[in-house]
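Asks: Got a structure here, written out as structure tokens. Questions coming.
Computed from the coordinates by the stated procedures, all read-outs in this text should not be read as laboratory data. All figures in this text were calculated on a predicted structure; none of them were measured in a lab. Here the Cβ positions follow ideal geometry from the backbone for every residue, glycine too, while neighbour counts run over all protein chains shown.
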Amino acid sequence: MKAVCWMGVEKMSVETVPDPQILNPRDAIVRITSTCICGSDLHLYNGFIPTMEQGDILGHEFMGEVVEVGASIRPEKLKPGDRVVVPFTIACGRCFFCERQLWSCCDNSNPNYWIAEEMMGYSPSGLFGYTHMMGGYSGGQAQYARVPYADVGPLKLPEDVPDDKVVFLSDIFPTGYFGAVNCDIQPGDTVAIWGCGPVAQFAIRSAFMLGAERVIAIDRFEYRLRLAEKAGAETINYEQVDDVVQTLKDMTANVGPDACMDAVGMEAHDDSVMYLVDRTKQAMRVETDRPIVLRQCIKACRKGGTVSVPGVYAGFDDKIPMGAFMNKALTMKTGQTHMMRYMKPLLDRVQKGEIDPSFVISHRVPIDEAPKMYKMFRDKQDHCTKVVLDPWANGAKAA
Amino acid sequence: MNQIRSILRAGARATEPTSPRRLGALIGGGALALLGLTQRSKSGLAMAAAGGALVYLGARVDRHPGVLVAQSSILVNCSPQEAYQFWHNFENLSIVMPHLESVTVSSGGRSTWIALGPMGSRIVWDAEIVNDRENESIMWQSLPGSALFVEGTVKFETAPANRGTLVKVEMRYRPRSGAIANAVARMLGKYPNFVMRQDLRRFKALIETGEIPTIEGQTHGPRSKVVAALRVADPTRPIRPESQVREVLNAMRRIA
């Protein structure tokens, strides 16, 4: 089959690889009909998250049709022919954490638990196509994928909803929603959201769904700010203001946003001196992340407010304003998304017509063009917001 | 590559500080590393890495501690009965402990254990259960006259508030000869407690989910030759590949 492989930093390639096989009794094989490039894949593309290996298949946002299931999967749970969307976190459904709905903290799904344990103390769940530290599972930017614990993760879909409307249930829609849930929104609240990428776009819409009075979106790309405005957000182009924190103060009558969301993560941009310092440290690999947005979130947030972090961080960060965080009595909520909490309720919203997630798609291309699209998405060329890959277009052979 | 591997193994067995083998590993490894570094190619890099590994093995002074202890504990989402029943049939342990080739249980609480040592060698001992408290604890010991004195204890405690069962394991090994000591040290890896923790993780996953998570045998794109060479030269790589664990598991399931 065809698969998008990581062959080194900024080196992606579409390779012909063997088809995936069932390896464990609760596995399933999915024939992929739609798959996407995620903003978090760009961290791997840029080489900022350790434990990638040449030949790894990327991709954690995919959906398709079940073609084979392992011996332990009961037909009422999943059977060949079922149309499913697959969550990017892999969860066993039986451990302490899964039983408490902390799906992205599953204790059993990472076969390389000890690597993550070295770095973080304990390992979160395994992820598709996202470093060996997170399990080393082959991802879904391919024609087929092996899905472990397939009786827990994949959500069965009705036939009448097109791929474009449901494929984002695999990650970015629930992730944006989870980011908004973590803002602990109360009536009258103002939520400031850094970044206007795909996750943030869903977070903006989710914040309004959850009752936010105002959403202020911050980015530097006009086309992304316009998309945020369409959802009803006020916007700040941070390249056109002196100081984002001061601007937010001015916009909120010196109260500050009740909740601040970092939907940017480890590769933030800025025009300050600190940015250059972080950028240099990151290039020298003495600091894994550039926590510019996180610093601003903590500083800008109103006293007693909440900082929500759906943006991906990999390791160690410098100059986090702990003084502000402690003295202002802030709460920080984080985590990879507990996908299985939100997929079904959000599917219901899509079916009821409350939201059409396809608004975020800017490019639909055959899988063969994936390497080019990685670069375009990274460099924000051609107003790129979200790339959906078709694994079977362009006469791609059936394995 | 096979040659390098046999040299590596020889290096690993060199235990005397003044052993000519150890000296050979140091000098040969150093030369190999230098030669590799002067060639600016991928194969040169692999050569340098292999040389480096050789030096590392040569420089490592193996000591024989009197007793090797491996201990760890884990919280498993199951009842003490389930955990006890799994452990009480020692044959199950080879599924979660890759350094055990097999355990065969015979009558009267006796069992024969076969562990994998260096270079495919086997360490065999017989053991018997010396204390057995149903759903609470099991203690076993090797029989007198075995090449190895082994003592194992596993305890099962109910965790508070329905949080499952706390499983605590301690295994003590006292080898009778230097060669066996080396083999046991190799079997347990560098950090016996670390190895035990991995074993217990596999045990927990198997009990909770019915399988052991793995990516062994999954599809992927072309791997780097340098990494492949490093992996072969890795002195800490698993003795038995995971795929064999899976075969054992499948066999178990067929029988069940």
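Asks: Let me know the shape class of region B:141-224, please: from the alpha-carbon gyration tensor, a ≥ b ≥ c as square roots of the eigenvalues, rounded when a/c is under 1.5, otherwise prolate if a/b is greater than b/c, or oblate.
Replies: Because a/c hits 1.5 or more and a/b fails to exceed b/c, region B:141-224 counts as oblate.
Asks: Let me make sure I get this right: for region B:90-193, a, b and c are the square roots of the gyration tensor eigenvalues over alpha carbons, sorted descending. Under 1.5 in a/c it's rounded, otherwise prolate if a/b > b/c, else oblate. Which is it?
Replies: Prolate is the answer for region B:90-193, as a/c is 1.5 or above and a/b outweighs b/c.
Asks: Based on Cα coordinates alone, diagonalise the gyration tensor for region A:261-399, multiply each eigenvalue by 5, take square roots, and list the semi-axes in whole Å, largest first.
Replies: Equivalent ellipsoid of region A:261-399: 34, 23, 13 Å, largest first.
Asks: I would also like to ask the following. With axes computed from alpha carbons, what is the tilt in degrees of helix A:273-283 against the longest principal axis of chain A, rounded to the nearest 10 within 0 to 90?
Replies: So the helix axis and the longest Cα principal axis differ by about 30 degrees.
Asks: Still on this structure, I have one more. Using helices alone, I'd like the mean residue ellipticity at 222 nm for chain A: each DSSP H run of four-plus residues gives -39500 (n - 2.57), total over residue count, nearest 500.
Replies: The helix contribution divided over chain A gives -7500 deg cm²/dmol.
Asks: Further, regarding this structure: Could I get the Rg over Rh figure for chain A? Both from C-alpha atoms, Rh via Kirkwood, rounded to two places.
Replies: 0.95
Asks: Related question: Select from A:F178, A:F359, A:F128 the residue whose mean-square fluctuation is largest in a Gaussian network model of chain A (Cα-Cα springs shorter than 10 Å).
Replies: Maximum among the listed residues: A:F359.
Asks: Another one. Could you point to the residue in B:G210, B:V184, B:H220 farthest towards the positive end of region B:184-227's charge dipole, with +1 and -1 charges on the Cβ of Lys/Arg and Asp/Glu respectively?
Replies: Farthest towards the positive end: B:V184.
Asks: Where a Cα-Cα gap under 14 Å defines reach, which aspartates and glutamates qualify for A:K281, not counting those fewer than 8 residues away within the same chain?
Replies: Cα-Cα hits under 14 Å: A:E267, A:D289, A:D317, A:D318.
Asks: Averaged across the residues of A:43-54, what count of C-beta atoms belonging to other chains lies within 10 Å of each residue's C-beta?
Replies: Averaged over the peptide's residues, the number is 1.
Asks: Next up: If I model a spin label as a point 7 Å beyond the Cα along the Cα-Cβ vector, how far apart are those points for A:A329 and A:R285 in nm?
Replies: 4.5 nm
Asks: Can you give the local net charge around A:I367? Use residues other than it whose beta-carbon is closer than 10 angstrom to its beta-carbon, Lys and Arg +1, Asp and Glu -1.
Replies: Computed value for this residue: -2.
Asks: Name all residues of region A:331-373 having a backbone nitrogen under 16 Å from the label point set 7 Å from the Cα of A:E10 along its Cα→Cβ direction, giving them as ranges.
Replies: What the label zone holds, given the 16 Å backbone N cut-off, is A:371-373.
Asks: HN-Hα J couplings of region B:208-221 from phi, Karplus 6.51/-1.76/1.60, θ = phi - 60°, integer Hz, Gly and Pro as x?
Replies: Once rounded to whole Hz, the list reads 6, 10, x, 7, 10, x, 7, 10, 4, x, 7, 6, 7, x.
Asks: Can you tell me the 0 to 90 degree angle between the C-alpha axis of helix A:339-351 and the longest principal axis of chain A, rounded to 10?
Replies: For A:339-351 against chain A, the angle is about 90 degrees.
Asks: Can you spot the lysines whose alpha carbon is less than 21 Å from B:K225's alpha carbon? Ignore those fewer than 8 places along the same chain.
Replies: Filter leaves A:K11, B:K42.
Asks: Tell me which lysines have Cα within less than 28 Å of A:K230's Cα, excluding those fewer than 8 residues away on the same chain?
Replies: Partners within reach: A:K165, A:K249, A:K299, A:K333, A:K344, A:K352, A:K375, A:K380, A:K386.
Asks: Expressed in whole Å with the largest first, what are the equivalent ellipsoid semi-axes of region A:175-334 derived from the C-alpha gyration tensor as the square root of 5 times each eigenvalue?
Replies: 23, 17, 15
Asks: Give me B:Y191, A:Y374, A:Y149 sorted ascending by neighbouring Cβ count inside 10 Å, so fewest comes first.
Replies: In increasing order of surrounding Cβ atoms, one gets B:Y191, A:Y374, A:Y149.
Asks: Sticking with this structure for a sec: Using the alpha carbon gyration tensor of region A:158-228, what are the three equivalent-ellipsoid semi-axes (square root of 5 times each eigenvalue), largest first, in whole Å?
Replies: Calculated on Cα positions only, the semi-axes equal 22, 16, 9 Å.
Asks: Using a Förster distance of 30 angstrom, determine the FRET efficiency expected from the C-beta separation of A:V241 and A:I320, and round it to 0.05.
Replies: Using R0 = 30 Å, I get an efficiency of 0.85.
Asks: Amide H of A:T51 versus every other amide H placed in the peptide plane: which residues, excluding those fewer than 5 positions away on the same chain, fall under 5 Å?
Replies: Those lying under 5 Å, H to H, from A:T51: there are none.
Asks: Output wanted: per-residue J couplings in Hz (rounded whole) for region A:140-157, from phi through Karplus 6.51 cos²θ - 1.76 cosθ + 1.60, θ = phi - 60°, x for Gly and Pro.
Replies: Along region A:140-157, the couplings run x, 8, 7, 8, 9, 9, 8, 10, x, 6, 6, 7, 10, x, x, 9, 6, 10 Hz.
Asks: What full-extension length gain, to one decimal in nm, is calculated for A:E222 and A:D184 as 0.36 nm per residue of separation minus the Cα-Cα distance?
Replies: 10.8 nm
Asks: Can you tell me how region A:14-150 classifies by the Cα gyration tensor, rounded, prolate or oblate, using a/c under 1.5 as the rounded cut?
Replies: Since a/c reaches 1.5 but b/c is at least a/b, the shape of region A:14-150 is classed as oblate.
Asks: A follow-up question, please. Which far-off residues, 5 or more places away or on another chain, put their amide H under 5 Å from the one on A:N110, with H placed in the peptide plane?
Replies: Amide H to amide H, under 5 Å and 5 or more residues apart or across chains, A:N110 pairs with A:G126.
Asks: For the residues B:L143, B:L230, what sequence is obtained by ranking on other C-beta atoms within 10 Å, fewest first?
Replies: If I rank by nearby Cβ atoms, fewest first, I get B:L143, B:L230.
Asks: Let me ask something else. Once phi is turned into θ = phi - 60°, what whole-Hz ³J(HN,Hα) does the Karplus curve with 6.51, -1.76 and 1.60 give for every residue of region A:226-239, x standing for Gly and Pro?
Replies: For region A:226-239, the Karplus curve yields 4, 5, 5, 4, 4, 8, x, 7, 7, 10, 10, 8, 5, 7 Hz.
Asks: A follow-up question, please. Give the long-range amide H neighbours of A:K333: residues separated by 5 or more places, or on another chain, with amide H under 5 Å away, using H modelled in the peptide plane at 1.01 Å from N.
Replies: Amide H neighbours of A:K333: A:V307, A:S308, A:V309.
Asks: For B:R174, A:R295, what ranking results if the residue with the fewest other Cβ atoms within 10 Å of its Cβ goes first?
Replies: Final ranking by Cβ density, sparse to dense: B:R174, A:R295.
Asks: May I ask for the net charge around A:D317, where only other residues with Cβ less than 13 Å from the Cβ of A:D317 are counted and Lys, Arg are +1 while Asp, Glu are -1?
Replies: -2
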